[in-house]
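Right, one structure below, let's go through it.
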Amino acid sequence: MIRWLIALGLAALASPVRAETCRLALALAMDISTSVDENEDVLQRQGLAAALIAPEVVEAFFSSPAPVALAVYEWSGRTTQRVILNWTMINTEADLLVAASTVQQSVRSDSGSATAMGYALAFGATLMQQAPPCLFNTIDLSGDGSNNDGYGPDSAYRHFPFQNVVVNGLVINAADFEGELFLIPFFENNVLHGPGAFLEIAQGFEDFERAMRRKLERELKGLQIGALKEGAHQ
């Protein structure tokens, strides 16, 4: 009994209660499936890099004293997910510049895979488990097509840890017909997850930077800040 109590005490010391070190853990997921050609992939990477250092987004990153933890990964087929930027605490503008540069200089790992959206979300949920302890957790999933490989988002949400994770979506409406009649409703009904989840729409890859700027600003200054203010009055 004494040995068991000692072991229990040592385990408690080795596993302290996690204290939140940031206000938001934000994972950005970029689509590199076969429907995204080489030029579109460049527009996506360069657009994300530019959006991260746009003045309004920089202001949003530092709109609170509590920092943001940022990660970026690319996704397509069942086994094609790769971290581009591992969890990085954005404490200064220099940190943000390094993160943007990492995305800008990255090269896609695959160009011939299908769209395994459930696997992409499952990968994101696992990545979230490795994030620094933050008050809020958000996955930002971009894509120009719906799931056509493996299980879908609904299965990912049932079988992976999404209890405290919000999933927002960015539809890249590269084909107006598909986007208006199918893709946008698919994201709205299947991808968005959690309180306050929202969808942003880019009218083609040329519009990706603008849509991402708007989405980042909303994620960084919207629900998170409002919830922090509410918590401060409790």
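The values are calculated or read from the model by the stated rules, or taken from the named source; none is laboratory data. As the structure is a prediction and not an experimental result, all values here were calculated from the model. Don't worry about glycine lacking a Cβ; one is built from the backbone with ideal geometry, like all the others, and counts go over all protein chains shown. In case anyone asks, the SASA skips ligands and DNA or RNA and just uses the protein heavy atoms, side chains included. Shrake-Rupley method; radii C 1.70, N 1.55, O 1.52, S 1.80 Å.
Of the helices (runs of 4 or more DSSP H) lying entirely inside the stretch 68-179, those containing at least 2 residues that are open to solvent by less than 10 Å² (accessible area, probe 1.4 Å) and more than 27 Å from residue 210 (Cβ to Cβ) span 117-129.
Number of residues in the stretch 121-136 that are in contact with a Phe, Trp or Tyr (Cβ under 9 Å, 6 or more places away or on another chain) and within 26 Å of residue 67 (Cβ to Cβ): the value is 10.
Of all residue pairs spaced 6 or more apart or on separate chains, those with beta-carbon atoms under 7 Å, a first member in the stretch 183-199 that is within 13 Å of residue 162 (Cβ to Cβ) and a second member that is outside any helix (DSSP H, G or I) and open to solvent by 30 Å² or more (accessible area, probe 1.4 Å) are 192/199. For first residues located in the stretch 41-69 and under 15 Å from residue 105 (Cα atoms) and touching a residue at least 40 places away in the same chain (Cβ under 8 Å), partners that are among the charged types (D, E, K, R) and in a helix (DSSP H, G or I) and lie 6+ apart or on another chain with Cβ distances below 7 Å form the pairs 43/206; 47/209; 50/209; 51/209; 51/213. When the test is whether a residue is touching a residue at least 40 places away in the same chain (Cβ under 8 Å) and either at positive phi or in contact with a helix residue (DSSP H, G or I) (Cβ under 6 Å, 6 or more places away or on another chain) (or both), residue 147 passes it. Could you tell me whether residue 124 is on the phi > 0 side of the Ramachandran plot and in contact (Cβ under 8 Å) with a residue 24 or more places away in the chain? No, not satisfied.
The residues of the stretch 33-52 that are surrounded by fewer than 21 Cβ atoms within 10 Å (Cβ to Cβ) and touching a Ser or Thr at 6+ places or on another chain (Cβ under 9 Å), listed by number, are 34, 35, 37, 38, 41.
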